[in-house]
Structures are given as structure tokens and as C-alpha cells.
Ligand code: CTP
């Protein structure tokens, strides 16, 4: 079987939730990608789906019993050692709670406790369970031990309500498994500083000038970098996007461009790569009113002054030694590559990630062109997380060349 997972052993652990039916599609996607798939169903999962379905698809009996009489060895140890990746989908609150606490009272959790390979959890539960501090703690513990999460996503739930708790689609989970199988921890020891989100430039104590940046692209880059072994700091403006699950990311919240500039400057010396994904406001009100401006006259004129260009400042500061590697972003309405190249030289950075204004802001997907002095690579309609990996791949090549020079 060919495909990105050719020859890889993937263990699919199916928990007990209505989303278990989607795990049948997930098994098929993993098989399509070339994997050999082994399935464990928890007792609760068996109430939703049958082992026969998985056995028919995978060609291997679905497992459930910890002490399988037909098996002479220790099944959980064997399954854990054989798997190169383990996917838990749906990962119920209960299954994650047991895994987080090292409880091993069935085949699924005993196998997870023996696992040496990467584990991907695809949570699915009611939003109140997902938001509960107990679940938050359990998830944080699993992630701190190296587990990956995919989802949950917002959507209609079995109960008819809408909220965060729906299992990610099987195709997306399978893609994450493929990414994980191919990604190395190739940024170990690299210090990455990412800026994300908009800046808010105060007009008076209650009003500001801002923009629609969601911060998702920057956060996706931060997540990807930390998963690849980097030490990551995010300096972000006011964002509502769900924060990353990675406890190890240092987060610094700012409001204005001037605050962002100060926080970035304080860390630039200690960074190997700086990714300016923030949508920094180009202008700020010259004078910030100390009291709320009252409506009066029919026309109100605000005088704006230019904000410092943080990226250009970094480009000028780092000079000829090209350290840290500098990545800029550009939103354009046409001639992407042309404008990106001029931004590249004007701001003295190594690459510019350019996208058209109609793409990119609030969504989870994006279409970008990664522009360097010599190359322009278009990546169309991919999840921001995948684009993040491609940006880091490109940044790493500059890191390697600046390392070999210095
Ligand atoms: N940027 C910055 N400081 C600013 C403005 C922008 O560091 N005051 C960074 C952004 O984080 C992003 C890139 O520069 O990486 C985007 O620049 P953009 O605002 O598009 O560039 P301009 O040179 O202002 O181009 P335009 O003429 O298109 O506005």
C-alpha cells in the first residue's frame, strides 16, 4: 500500500460517544493513507459501534478485552509497542481523565499507559464538559506530556445545542496524523518569537482604532513551532481566538503598536526566528483624550500619526548578520508577489507571507504565497495549522544558512 502512512502501524482507540460512528470513516482514511490500522473499542464505544465494522475495514479483529483469552502475551504492551502513532477518537472526557491520571482499568487505558509513540486525541463531548476545570486540567496534563489535540470544533451537537465539543472531521484528524508522522522535532533549541492579532490604538478611554485580525495564524505558528521542539513566545494584541493548549508557550498580552514594539524589542536579542504575524495598526491617534469624547459637532477630525514599523525596525537592527531570521506578513488586494518582494527589501526581512485581503482573516483556512528574494510558493486553501508548518519549513532553511555562516 502506498501513501504518506505506508507501512506505519496506527492504533485507533475508539471511546464511547456518538461521534464513534465517524471513527469508522477515520479508520478508512488512515487505511487510504497507507497505514495498517489496529482498533481498540472501549466498553462504552461498543454501545455505539460494532467491532465487526472495524474488523471488516481493517482486516484485523477489533480489540476490547484487557485479558484476551485467545492471546498468550500481554495484549496492551504488545499493541502499545507496535503502534507508531495512537489516535484516540472520539476522546471522551472520561477516557482523557483516566489517561491523564494513569488509570489503566481497561484495554484502551492500559495501552495508553504503555505507549511510547505519539498520541493524538480528538475530543468529543458536551461543551460544558469540555469547559469544566477538571477536563481543562486533564487536557493540559496530557498535552504537557506530549500528546497532540485535534479539535474539538464548534458546531451543532447531538443535543441540538451549539458549542465547542464536536469531534473534528475524520479527514482533518487523518491529515494531522499524516503531518505528525512526517514532522520531526526539527526546531529543538530554536527560540521563536511570534506576534499575533491586531493592535488597538486608543482614541479615548473607551474607544480605539483596530482591525479584524483574529490572531489565529500567529497562534497556529506558535503551536506548530512548539510541537517541533522550539521555545516559543507570543506577543499578542487583543484577540478572542481560543488560546493554544500548549502550556509551555510564553504569552505576553499588549494593546497598542508601541507596547508591542517594546515587548518585541525586549526579546529580539534572545530570538532565533521572529514571525511578525500581527496586524499592527499603521497609525494611532496623535492625542489620546483623557475623558470619553462626547458627541457634539457634526464632524469630528482625528489626527493620526504613524506608528513605528516594528518589522522594518528589526530588519535595520539586525543588519548584515541576518540573525534573527525575520518573517513578515502582507495583506494585499493584487500583485501579491510584486508587493511582497518590495516589502521584503523595504523592511529587510527574509520572507514575506502574502495573502489576498479576501482570504485569511477570521477563517480556519487560508491561501498564502510564501515569497523570498528568489522564490514564490503558493499554498492554496489549507488549514492555518498546515500553512504554519510550511512557513516554519521555509524559515528553517534561513536558520540553517545563517547558522552555517555564523
Ligand atoms: N508591521 C510592523 N509594524 C507596523 C506595521 C506592520 O511590524 N507598524 C509588520 C506586520 O506585522 C507584517 C508586515 O509588517 O509582518 C505587514 O506590513 P503592512 O502593514 O502590510 O506593510 P506596509 O509596508 O505598511 O504596506 P502597505 O503599504 O501595504 O500598508
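The values are calculated or read from the model by the stated rules, or taken from the named source; none is laboratory data. Please read all numbers here as calculations on a predicted model, not as lab measurements. So basically every Cβ, Gly included, is an ideal-geometry build from the backbone, and we count neighbours across all protein chains shown.
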task = Quick one: residue 263 ticks every box in (1) at pLDDT 95 or above; (2) under 24 Å from residue 201 (Cβ atoms); (3) surrounded by fewer than 14 Cβ atoms within 10 Å (Cβ to Cβ); (4) out of contact with any helix residue (DSSP H, G or I) (no Cβ under 8 Å at 6 or more places or on another chain) except a single one, so which number is it?
result = (3)
ask   = Taking the range 95-109, which residues are surrounded by fewer than 20 Cβ atoms within 10 Å (Cβ to Cβ) and touching a strand residue (DSSP E or B) at 6+ places or on another chain (Cβ under 6 Å)?
value = none
request  = Give the range 80-94 a look and list any residue that's crowded, with 23+ Cβ neighbours inside 10 Å and over 23 Å from the mean Cα position of the chain (by Cα), or say none.
outcome  = 83
request  = Note down all Cβ pairs under 6 Å where the first residue falls in the range 280-292 and is in the same structural domain as residue 215 (by TED's automatic domain parsing) and closer than 18 Å to residue 260 by Cα, the second is more than 16 Å from the ligand (Cβ to nearest atom) and assigned to a loop (DSSP other than H, G, I, E, B), and they're at least six residues apart or on different chains.
outcome  = 285/302; 286/303
note = Restricted to the range 271-286 and to residues being more than 20 Å from the chain's Cα centre (by Cα), within 10 Å of the ligand (Cβ to nearest atom) and assigned to a loop (DSSP other than H, G, I, E, B), the residue surrounded by the fewest Cβ atoms within 10 Å (Cβ to Cβ) is 282
ask   = Do you know which of the residues in the range 333-344 that are within 11 Å of the ligand (Cβ to nearest atom) and within 24 Å of residue 193 (Cα to Cα) is surrounded by the fewest Cβ atoms within 10 Å (Cβ to Cβ)?
value = 342
task = Considering every residue within the range 161-176, establish whether at least one is free of Cβ contacts under 8 Å to residues at least 12 places away in the same chain and closer than 22 Å to residue 223 by Cβ.
result = no
ask   = Can you find even one residue in the range 316-323 that is at pLDDT 95 or above and more than 14 Å from the ligand (Cβ to nearest atom)?
value = no
task = Could you tell me whether residue 203 is at pLDDT 90 or above and assigned to a loop (DSSP other than H, G, I, E, B)?
result = no
task = Inspect all residues belonging to the range 238-251 and state whether any of them is within 15 Å of the ligand (Cβ to nearest atom), assigned by TED's automatic domain parsing to the domain that holds residue 363, touching a helix residue (DSSP H, G or I) at 6+ places or on another chain (Cβ under 9 Å) and under 30 Å from residue 186 (Cα atoms).
result = yes
key: Residue pairs meeting the criteria (Cβ under 6 Å; at least 6 apart or on separate chains; first without any contact (Cβ under 8 Å) to a residue 24 or more places away in the chain, in the range 337-351; second near the ligand (Cβ under 8 Å from one of its atoms) and in a strand (DSSP E or B))   = 339/332; 343/330; 343/352
query = Within the range 291-313, is there a residue that is near the ligand (Cβ under 10 Å from one of its atoms), within 27 Å of the chain's Cα centre (by Cα) and under 21 Å from residue 225 (Cβ atoms)?
reply = yes
remark   = Flagged in the range 110-119 as part of a helix (DSSP H, G or I) and surrounded by fewer than 18 Cβ atoms within 10 Å (Cβ to Cβ), in numbering order, are 113, 114
message = When the residues of the range 169-189 are narrowed to those that are at pLDDT below 95 and not in a helix (DSSP H, G or I), which ends up nearest to residue 384 (Cα to Cα)?
response = 183
inquiry  = Would you confirm, using the coordinates I've provided, whether residue 268 is touching a strand residue (DSSP E or B) at 6+ places or on another chain (Cβ under 9 Å) and away from the ligand (no atom under 13 Å from the Cβ)?
reply    = no
